[in-house]
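*Asks:* Got a structure here, written out as structure tokens. Questions coming.
The values are calculated or read from the model by the stated rules, or taken from the named source; none is laboratory data. Only a predicted model underlies this, so the values are computations on that prediction, with no experimental measurement involved. Quick reminder, even Gly has a Cβ in these numbers, built from the backbone with ideal geometry, and neighbours come from all protein chains shown. Side chains are part of the model used for accessible areas, which takes the heavy atoms of the whole protein and leaves out ligands, DNA and RNA. Shrake-Rupley method; radii C 1.70, N 1.55, O 1.52, S 1.80 Å.
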Amino acid sequence: AMTGFSQTPEFVTAKHTKQVVAKKSKLKIKFLEVIEDSRCPEGVNCVWAGNAKIKVQISNGTTKQEFEINTNLGPKGDSFSGWAIYLEELTPYPKSGSTTDAKSYKAKFKIVRLTR
């Protein structure tokens, strides 16, 4: 019988401007900034879901690289050092009639080992 390795994803959440270290991959993910957030506000009917784009810095201790990751449009993730990193969720969601305080943003990332 063949032995299969399940690629269990790892989830980490970084607050705005903060860095998290993923336990399994040992990657450091720093949530640098929210570039845009045009997502449809809660409680509003939009024709289009909108998009949020964030900038992150990912490092493995020796190399670091910056990526722009989107919630809907464009790349929703990227690969780095043998791992795939996806933006799983960006909170809080926009509220109608108010601006989101940048400090309140949190980005949840999904990290999956790439198989060769």
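*Asks:* Please find, within segment 13-24, the residue that is nearest to the chain's Cα centre (by Cα) out of those that are under 20 Å from residue 80 (Cβ atoms) and open to solvent by less than 50 Å² (accessible area, probe 1.4 Å).
*Replies:* Ranking the qualifying residues of segment 13-24, first place goes to 14.
*Asks:* Another question about this same structure. Counting just the residues of segment 25-59 that are part of a loop (DSSP other than H, G, I, E, B) and under 16 Å from residue 13 (Cα atoms), which one comes out most open to solvent (accessible area, probe 1.4 Å)?
*Replies:* By that ranking, first place goes to 26.
*Asks:* May I pose another question? Of the residues that make up segment 78-95, is at least one at pLDDT 95 or above and of a type in the set (Lys, Arg)?
*Replies:* The answer is no, given that none of the residues of segment 78-95 is at pLDDT 95 or above and of a type in the set (Lys, Arg).
*Asks:* I need the full set of residues from segment 102-116 which are open to solvent by 40 Å² or more (accessible area, probe 1.4 Å) and among the β-branched types (Val, Ile, Thr), in order please.
*Replies:* 115
*Asks:* Inside segment 32-75, can you point out the residues that are polar (S, T, N, Q) and either in contact with a Gly (Cβ under 8 Å, 6 or more places away or on another chain) or touching a residue at least 12 places away in the same chain (Cβ under 8 Å) (or both)? Step through it out loud before you land on a result.
*Replies:* Going residue by residue through segment 32-75, those that are polar (S, T, N, Q) are 38, 45, 51, 57, 59-60, 62-63, 65, 70-72.
Listed by number, the residues that qualify are 38, 51, 57, 59, 60, 63, 65, 70, 71, 72.
*Asks:* Is it the case that some residue within segment 106-115 is at pLDDT 95 or above and hydroxyl-bearing (Ser, Thr, Tyr)?
*Replies:* Scanning segment 106-115 turns up no residue that is at pLDDT 95 or above and hydroxyl-bearing (Ser, Thr, Tyr).
*Asks:* Condition first: surrounded by fewer than 17 Cβ atoms within 10 Å (Cβ to Cβ) and among the charged types (D, E, K, R). Now tell me which residues in segment 82-96 satisfy that.
*Replies:* 89, 95, listed by residue number.
*Asks:* In the list 99, 62, which residue meets the criterion of being in a loop (DSSP other than H, G, I, E, B), under 16 Å from residue 21 (Cα atoms) and open to solvent by 70 Å² or more (accessible area, probe 1.4 Å)?
*Replies:* Answer to the check: 62.
*Asks:* Something else now. Every residue in segment 65-93 that is among the polar types (S, T, N, Q) and part of a strand (DSSP E or B), please.
*Replies:* Passing the criteria: 65, 70, 79, 91.
*Asks:* Next question. Within segment 72-81, is even one residue buried (at least 16 other Cβ atoms within 10 Å of the Cβ), among the acidic types (Asp, Glu), out of contact with any helix residue (DSSP H, G or I) (no Cβ under 9 Å at 6 or more places or on another chain) and under 18 Å from residue 30 (Cα atoms)?
*Replies:* Yes, some residue in segment 72-81 is buried (at least 16 other Cβ atoms within 10 Å of the Cβ), among the acidic types (Asp, Glu), out of contact with any helix residue (DSSP H, G or I) (no Cβ under 9 Å at 6 or more places or on another chain) and under 18 Å from residue 30 (Cα atoms).
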